[in-house]
1. Would you confirm, using the coordinates I've provided, whether Ile206 is more than 16 Å from ligand 1 (Cβ to nearest atom), at pLDDT 90 or above and over 31 Å from the mean Cα position of the chain (by Cα)?
2. Take Asp84 and tell me if it is touching a Lys or Arg at 6+ places or on another chain (Cβ under 6 Å) and modelled with pLDDT of 90 or more.
3. May I ask you to list the residues in region 223-253 that are hydroxyl-bearing (Ser, Thr, Tyr) and modelled with pLDDT of 90 or more?
4. Take the residues of region 131-171 that are among the small types (Gly, Ala, Ser) and outside any loop (DSSP other than H, G, I, E, B): which is surrounded by the fewest Cβ atoms within 10 Å (Cβ to Cβ)?
5. Does region 384-396 contain any residue that is under 26 Å from Ser313 (Cα atoms) and either within 16 Å of ligand 3 (Cβ to nearest atom) or free of Cβ contacts under 8 Å to residues at least 24 places away in the same chain (or both)?
6. Since Ala321 meets every condition but one in (1) more than 16 Å from ligand 3 (Cβ to nearest atom); (2) under 30 Å from Leu353 (Cβ atoms); (3) not in a helix (DSSP H, G or I), which condition does it not meet?
7. Report whether or not Lys174 is of a type in the set (D, E, K, R) and buried (at least 16 other Cβ atoms within 10 Å of the Cβ).
8. What pairs come out if I take residues in region 532-543 that are basic (Lys, Arg) and pair them with residues that are at pLDDT below 90 and away from ligand 4 (no atom under 16 Å from the Cβ) whose C-beta lies under 6 Å away, six or more apart or interchain?
Amino acid sequence: KKNLRAADPCVTDHSIQVRGARVHNLKNVDVDLPRDALVVFTGISGSGKSSLAFGTLFAESQRRYLDSVSPYARRLIDQVDEPDVDSIEGLPPAVALQQQRGTPSVRSSVGSVTTISNGLRMLYSRAGEYPAGQEILYADAFSPNTPEGACPTCSGIGRVFEVTEKLLVPDDSKTISERTIAAWPPAFQGKNLARILTTLGYDIDIPWHKLPKETRDWILFTDETPTVPVYSEYNIEQVRAAIEKEEKPSYMGTYVSAKNFILHSFATTQSPLTKKRVSQFMQISVCPDCHGKKLKKESLSVKFAGLDIGELSQLTLTEVALKLQDAANKNPDHDKSNREKSIVAQRIASDILSRVEALTMLGLGYLSLERTTPTLSPGELQRLRLATQIRSQLFGVVYVLDEPSAGLHPADTQALLSALDELITAGNSVFVVEHDVSVIRHADWIVDVGPDAGTHGGKVIYSGPVAGLREVTDSHTAQYLFNSAAKVKQNAREPKAWLKLAGVERNNLQGLAVEFPLGVMTTVTGVSGSGKSSLVSQALVELIYEALGQKLTVDAPTGEADLLEQESEIPTGGRIIAGMDDVKRLVTVDQKAIGRTPRSNLATYTGLFDHVRKLFASTPEAKARRYNAGRFSFNTVKGRCPNCEGLGFVMVELLFLPSVYSPCQVCHGQRYNEQTLEITYRGKNIAEVLALTVEAAYEFFSDEPAILRALNALLQVGLGYLRLGQPATELSGGEAQRIKLATELQRIQRGDTLYVLDEPTTGLHPKDVKMLMSQLNGLVDAGNTVIMVEHDMQVASNSDWVIDIGPGAGDEGGQIVAQGSPAEVAKSKVSRTAPFLLAACE
Ligand code: ADP
Ligand code: ADP
Ligand code: ZN
Ligand code: ZN
């Protein structure tokens, strides 16, 4: 056991003193925290840990920092919600390494987030091997995001868009009138284009394949945009006659080829659904000139260790480290011919090397520099930032982290703890919100928040060294830390059938054969990067969707960035060879489960808001004013506040800083216009109803069975403390996941659904995990199948079946190391999961 670094904050002046914190659910919290120590905030989901660590401590530090920046910034900050707290003494500047909830842009990659790419560009510019006669290039020329570096063919994207006849016209036996050109817009617009073609003299009533090639090419690909008279109801002869007689046309219409329509819509549409629709007619392929490396030819001709910068960026970090080692360890004096260049190479290479090593230490050696951030899990992204901070040589700051163990195999947790210790040794304080018992045990100081969630939480029930928590009887954390309250061993269930996959190819999986038992609960384990998500969340999900003919639904708005990512992925290889008779439906429940926009909330997502709006529309006053149910949506023009367009807040753009939101001055966050708010149902207006918690709403709507059913499902998953109108953006990943589960629980169970979950315990306290497990067990008991990726050994040991992937990460993984009942897998001699599983099974 390491030395206790923390001094008692009560007897030294070296402490942070929080007084009267009231952010979100916090109940006037007073707490003293040690500096230069690892402080872990614990408590069940929704208890108020993040509100204290991020909402209060970090927010206040950020506010003070901004305050000191400039009067201009201050003016803007005044409009921003200050954390509601009386005072905080002794607070150092804070750096938050929070798990990103939105999708970062496609242009950010492992290399850019860690700034390693900058170093590499410098290395190639100053120490690269240039072909004879080529001028030295500036570092910018090695970045695809600059005009100096970008490949001119693809503008530095690495991919090009193409439309082909096959894509635009999937069934060439149909005629234009029968909408053979599938890519054309639906409804009137499509009809309009067909009429224009009639005027232009094309026969729209013969099968597509009978048209001459020249005609087909013109219709699909021309860049001409003729404007011609259109006669709505005429056939080709009648049009011809009408033009001759100079008859007055119905209107004038302009032709746009299918190709230009598709490319234009893709580039300009705001609607994710249009984007999705249009993208199916485009083929996205690797740029023929740079082969996806995004750089112009001159830049790619410069080599280091025999590789161009694109090739180096494709290697895993572990491989990059090997390539750099030679240059970093070389003694420049041994290079007589070009000593100066050698010195530069040595310096830059060893700087990059130490950055790369900080990443491999945190178990991220399997990532490549070019890997884009949207394809990383939030936990991976946070560890990337953490590794970057270790190298930043800052001291005297407090780092605030959000569940850094997320996505980390128990075997890798030790490295994480060492990284945190390193930050503290360098003179910093580290505050983490965490559920993992091994991280909690490592803490110098624990702040346990609770006792329960939402309005039933928000108090600090313990603040002190770990051991002292044992005495705190109302702490859920104490029960799991010191007694194993989590054990709920079920009798293992027998599979009703087997789902068999063969030849699975995805990322690091190469021709894998795998069998999942149906009608039981399976956990897929393995170290980070071993291929669990590739197998379960990607390959399995895609193959099943394909087999069911079920389309992946667009849950969250799809930006161009996401779409490029999706389309560029190599599709899953493999096939299902047995078991589909017992799978009729697939449901994936991830933590991004519900649309992350402020326009979506608990009430809209679960569908209960439809019933509520109907109730409001049925009141006598609403009827008298002819307000229909639509009026009571904050997404309709008639009902919502015109100033904030129903958002309740407005965005304030800050120069050089992330934008911030400030409450709408007109509706004060109520989202509706005054007239709408004049309608009340049992004494409450619609905004007041949205402000009710699920628990309070259960009383309020006590004689509305349809609403009660939805509320009851939410209560069952422990979300009674959430407000109905709480925007999806304010929900934690764990809360979002449970809302999705609750909507599933409301459904009638037919016992043929496959539920796929990726790390469902992220953000969940062991007590919440127990609740989640009982829900999942309920689904399985109803005959359904649950397959999940999980690091939590409590979950794995309580499953019916475990499949361990590995043995290592990346190329060293991708195999099935062990499979069987938890007890069987725990006995494996080769599985890195086995020792941890064994400990949990005992
Ligand atoms: P924890 O981190 O312990 O899971 P949080 O601090 O995130 O809990 O949440 C505590 C309570 O505050 C919960 O009821 C949560 O729904 C609520 N809450 C969280 N974020 C916001 C927000 N931005 N606005 C209002 N309420 C919030
Ligand atoms: P796990 O879920 O076990 O942590 P993953 O399935 O995410 O592992 O990753 C397995 C391997 O596939 C790793 O080498 C990872 O870098 C790679 N990989 C995963 N997703 C992608 C992706 N979208 N693009 C490229 N490589 C990926
Ligand atoms: Zn290119
Ligand atoms: Zn408003």
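The values are calculated or read from the model by the stated rules, or taken from the named source; none is laboratory data. The structure presented is a predicted model; accordingly, all values stated were derived computationally and were not measured. Positions of Cβ are backbone-derived with ideal geometry, glycine not excepted, and every protein chain shown enters the neighbour counts.
1. Details: more than 16 Å from ligand 1 (Cβ to nearest atom): yes; at pLDDT 90 or above: yes; over 31 Å from the mean Cα position of the chain (by Cα): yes.
Taking the combined requirement at face value, the residue satisfies it.
2. On the way: touching a Lys or Arg at 6+ places or on another chain (Cβ under 6 Å): yes; modelled with pLDDT of 90 or more: yes.
For Asp84, the condition - touching a Lys or Arg at 6+ places or on another chain (Cβ under 6 Å) and modelled with pLDDT of 90 or more - is met.
3. Initial filter on region 223-253 (hydroxyl-bearing (Ser, Thr, Tyr)): 225, 227, 231-232, 234, 250-251.
Selection gives Thr225, Thr227.
4. Going residue by residue through region 131-171, those that are among the small types (Gly, Ala, Ser) are 132-133, 139, 141, 143, 149-150, 155-156, 158.
With outside any loop (DSSP other than H, G, I, E, B) added as a condition, the list becomes 139, 141, 150.
Numbers: Ala139: 18, Ala141: 22, Ala150: 21.
Here the answer is Ala139.
5. Within region 384-396, the subset under 26 Å from Ser313 (Cα atoms) is 384-393.
Narrowing the set further to residues that are either within 16 Å of ligand 3 (Cβ to nearest atom) or free of Cβ contacts under 8 Å to residues at least 24 places away in the same chain (or both) leaves 392.
Yes, that holds for at least one residue.
6. Failed condition: (3).
7. On the way: of a type in the set (D, E, K, R): yes; buried (at least 16 other Cβ atoms within 10 Å of the Cβ): yes.
Yes.
8. Between residues of region 532-543 that are basic (Lys, Arg) and residues that are at pLDDT below 90 and away from ligand 4 (no atom under 16 Å from the Cβ), there is no close pair.
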